[in-house]
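Below: one structure, written as structure tokens.
The values are calculated or read from the model by the stated rules, or taken from the named source; none is laboratory data. Quantities reported herein were computed from a predicted structural model and do not represent experimental measurements. Neighbour counts are summed over all protein chains in view; Cβ atoms, including those assigned to glycine, are modelled from backbone coordinates with ideal geometry. Remember, those area values only see protein heavy atoms, side chains included, never the ligands or the DNA or RNA. Shrake-Rupley method; radii C 1.70, N 1.55, O 1.52, S 1.80 Å.
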Amino acid sequence: MSGAWALDRVAKAEHRLIQPVLALQDSVLVRTLTPLAKLADERPLMLLSGATMVAGVAAGNARVARMGARMLTAHLFANAAKTVLKSSVDRLRPNAVDEEPEIKPGSGTDDGAENAFPSGHTAGAIAVAQAVAHELPALGTSARILATVAGATQVPRGAHYLTDVLSGAAVGWVSERAAGHVLDRLTRVVAKRERAKKKPSATSA
């Protein structure tokens, strides 16, 4: 069994399975949730993350500033990862398939209709929600629910298949963990330098 044959089978099977779900795209529920799904786009999440960091700095609230920095870093990582993956895989979105659906190696196309895999909205939303949850646990559950709903809504909207959304969620989760690791390392380095500055030298003793 070749990899191409297996991917072709998966693409066709998933396209058949999604048809009943696509019938919901004009429902009141999906139309109501669509604005939330669109807020998970790259620009709104970048603005939210940056504004959170700036607000924390302006208010002298180190915790909020760090949360904003983690949100922004996690989103940047997720955006970079999904961009690489989208250029590596060509897959038509469910609402753009006129012929037999397929998954094939990326051609580097900029055509948004062929860049379904993975879901960038989901990757960004999960990355930012996880950052909020780790820095401010009281908001964690709400942030994760909003991110999950935003990602799940991409399926009945016809923007993504379920595997696109699940892959995007994985990208977001890994990106946030990487961002947290980087910020923790930077925090330790800064703290070490601050301690070194405050420590009296041997010559001044």
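Brief remarks on what is shown
- Shape of region 67-185, Cα gyration tensor, a/c cut at 1.5: oblate
- For Pro137, net neighbour charge (Lys/Arg +1, Asp/Glu -1) across residues whose Cβ lies under 12 Å away: +1
- MRE, 222 nm, helices only [DSSP H, n ≥ 4, -39500 (n - 2.57), over the chain, to nearest 500]: -24000 deg cm²/dmol
- Summed over the residues of the chain and divided among them, the accessible surface reaches 57 Å² per residue at a probe radius of 1.4 Å.
- Helix 3-22 axis, angle to the chain major axis (alpha carbon atoms, nearest 10°): 80 degrees
- The dipole here belongs to region 76-205: it is taken about the Cα centre, uses +1 on the Cβ of Lys and Arg and -1 on the Cβ of Asp and Glu, and is about 1400 debye.
- Prolate/oblate/rounded call for region 130-184, Cα gyration tensor, a/c under 1.5 rounded: oblate
- 3J(HN,Hα) from dihedral phi, region 47-62, Karplus parametrisation 6.51/-1.76/1.60, rounded to Hz, x for glycine, proline: 5, 4, 5, x, 5, 5, 5, 5, 4, x, 5, 4, 8, x, 9, 4
- Neighbours of His75 by Cβ distance under 13 Å: Lys/Arg scored +1, Asp/Glu scored -1, total 0.
- Rounded if a/c under 1.5, otherwise prolate or oblate - region 11-100, Cα gyration tensor axes: oblate
- Expressed per residue, the C-alpha convex hull volume of the chain stands at 161 Å³.
- Heavy-atom accessible surface of Met46, to the nearest 10 Å², is about 60 Å², with a 1.4 Å probe and all protein chains retained.
- Asp90 long-range amide H proximity, modeled H, under 5 Å: Lys104, Gly106, Ser107
- Between 0 and 90°, nearest 10: helix 162-198 axis offset from the chain longest Cα axis: 10 degrees
- Accessible carbon and sulfur surface of the chain relative to its total accessible area, %, 1.4 Å: 63 percent
- Lysine pairs within the chain, Cα separation less than 18 Å, 8 or more sequence positions apart or different chains: 4
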